[in-house]
Amino acid sequence: MNQLFSIVDIETTGGSARSEKITEIAIYITDGNKIIDSFTTLINPEKRVPAFITGITGITNEMLVDAPKFFEIAARIVEITKDTIFVAHNVNFDYNFIKQEFAQLGYKYRLNTLCTIKLSRIMFPGFKSYSLGNLCKSLNVKLENQHRAFGDALATTEIFKMIFQKDMLENQGVNINGFSLNGLNPNLDLTRVKNLPEKCGVYYFYNSEKDLIYIGKSKNIYARVMSHLRNEKTGKAINMRSQITHVDFELTGSELVALLKESHEIKLNKPVFNTAQRRTVNNWGIFAYCDDKGYKHFYVQHIDDCQNECLNVYSSKISATEALARYCQKFNLCQKLCGLYQSAGACFYYGLGECKGACIGAESPNAYNKRAIELVREISINLNSVFITPLDCDDEKQWIVAIKDNKYYGYGCVDEITDLRGSELIDAIKPFPDNRDVRQIISTYLKVNKNYKLLKIPV
């Protein structure tokens, strides 16, 4: 659990990251106790340094003529700060300048950050000023070569050591790490955790025996994993936190695909801490057909024994029959036409006035089927041979979910969808089992989201 930190300070030609440039950078790598590595250099900003900046820093245009340009030292910055947390005094200033310099090179520079001004206010409350110079005086930290990157960064490193050690002693690292280290497995790789992507996908927790103990999904993997590590409120959460030694992930681009992948893999792997979705395979379904008089019928049957339209699937015959009975009552349908009552004539409930008589032709097929169709809409995906194409993807691929014959078929992704025929899209789909959970996931997604398109699958 040995997290490293990059203590960074820069000098610039001015205050705007968009229009000004870096003239000096200093980086000290620390584990919170000692300096492990360092890098410091002047940088040729390829523009003149204003006189008032020279008056503050002492850095002149003549000093920068032979200094390396940013692109010449960019690889070294990436190398030395890799897998570290970026720390600075007023961190947004330094971090935004460096991100902007990299952006101009076409590179996305991303690290998690900590600000020693904010941390100092928490750990050392009551000071009149938290500027670097005044804070050094209050904490008795030596500050030499002030307003030069190497001098300010070295002083910031000493302040950070004091913050780190105090926080670890008094708070189990809550302020430094964002969560308490108390109860975490000592073999957990915090560096990997803090470099998880802030993108949509599925994440996996493993224990010291390399057993998969939990699977989750999120639109922001980093934020969700961090929430697990912060959770010390329940016995189950505490027990899981103590067992996590490794975190892995797989990006899915789309939340819908993440939900489907999570559901499938929980059923496949049955992780010990995923109790809610560890259901057995759903082999029984509610089916529908129309008789020769035009009435819509419903019945329960094993999915392997029927070729008619399957509306939804269940884990047992009993659960499917109970569900059909509830829907029959909800939509005031005939129990005989729902396969729940056997008789040669009218059903028992017609005599009680609870059935409108579809069973004996007293109610027309059109009137009866209006309510029957409401049942179909309630429990089925209500789609026939389409691709669902989510438009909320956070990667460059187009993810697609296939529904064939009102059944979930699977998902996949392609680089471009506009020029592909339906058969080519089907080839990109990896088939997955249809079950009640994935049908519910898809139905809910379509109801609460508008950010998708439907493409017809050619027959």
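Summary of computed values
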{"read-out": "Bridge type composition, the chain - antiparallel percent by DSSP, nearest 5", "value": "90"}
{"read-out": "Pairs from 293/356; 34/166; 118/142; 82/137; 194/450; 293/336 whose Cα-Cα separation, in the structure shown, is over 23 Å", "value": "82/137; 194/450"}
{"read-out": "Nearest 10 degrees, 0 to 90: helix 365-379 Cα axis against the chain principal axis", "value": "30"}
{"read-out": "Dipole of the chain [Lys/Arg +1, Asp/Glu -1 at C-beta], most positive-end residue of 172, 155, 139", "value": "172"}
{"read-out": "³J(HN,Hα) computed for each position of region 185-196 - Karplus, 6.51 cos²θ - 1.76 cosθ + 1.60, integer Hz, glycine/proline x", "value": "5, x, 8, 5, 7, 5, 4, 5, 4, 6, 10, 5"}
{"read-out": "Prolate/oblate/rounded label for region 112-162 (Cα gyration tensor, a/c 1.5)", "value": "oblate"}
{"read-out": "When each of 236/404; 370/456; 317/397 is checked by Cα-Cα distance, pairs over 32 Å", "value": "236/404; 317/397"}
{"read-out": "Net charge dipole size for the chain [Lys, Arg +1 and Asp, Glu -1 on Cβ; Debye, nearest 20]", "value": "1420"}
{"read-out": "Ranked list, fewest to most other Cβ atoms within 10 Å of each Cβ, for 371, 377", "value": "377, 371"}
{"read-out": "Vicinal HN-Hα couplings computed from phi for region 293-300 (Karplus, 6.51 cos²θ - 1.76 cosθ + 1.60; Hz; Gly/Pro x)", "value": "8, x, 7, 7, 10, 10, 7, 9"}
{"read-out": "Answer label, with semi-axes √(5λ) of the Cα gyration tensor in Å calculated from the coordinates and candidates (1) 63, 30, 24; (2) 63, 25, 18; (3) 34, 26, 20", "value": "(2)"}
{"read-out": "Two-site label geometry, residue 354 and residue 315: point separation in nm, points 7 Å out along Cα→Cβ", "value": "2.8"}
{"read-out": "Positive-end extreme of charge dipole, the chain - chosen from 15, 433, 95 (charges on Cβ)", "value": "433"}
{"read-out": "Two-site label geometry, residue 137 and residue 293: point separation in nm, points 7 Å out along Cα→Cβ", "value": "9.8"}
{"read-out": "For region 198-210, Karplus couplings with θ = phi - 60° (6.51, -1.76, 1.60), whole Hz, Gly/Pro x", "value": "8, 10, 7, x, 10, 10, 9, 10, 10, 9, 5, 8, 6"}
{"read-out": "Amide H partners (placed H, <5 Å) of residue 312, local residues excluded", "value": "286"}
{"read-out": "Inter-part distance where region 1-31 and region 102-149 are each reduced to a Cα centre, Å", "value": "10"}
{"read-out": "Amide H contacts under 5 Å for residue 9, placed H, 5+ residues apart", "value": "26"}
{"read-out": "Fully extended contour minus Cα-Cα distance, from residue 16 to residue 103, at 0.36 nm per residue", "value": "29.9 nm"}
{"read-out": "Average Cα contact separation per residue, region 190-269, under 8 Å, 6 or more apart, as relative contact order %", "value": "39"}
{"read-out": "Amide hydrogen neighbours beyond the local backbone of residue 290, cut-off 5 Å, H modeled", "value": "297"}
{"read-out": "Share, in percent, of DSSP beta bridges within region 4-177 that are antiparallel, nearest 5", "value": "65"}
{"read-out": "Region 332-404: GluC sites (Glu not before Pro) falling in loop per DSSP and having at most 11 other Cβ within 10 Å", "value": "396"}
{"read-out": "Residues of region 120-152 with amide N under 17 Å of a point placed 7 Å along Cα→Cβ from residue 38", "value": "141-152"}
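Only the coordinates and a few stated rules stand behind these numbers; no lab work does. Quick caveat, the model's predicted, so the values are computed rather than measured. Every residue, glycine as well, gets a Cβ built from its backbone with ideal geometry; the counts of neighbours run over all protein chains shown.
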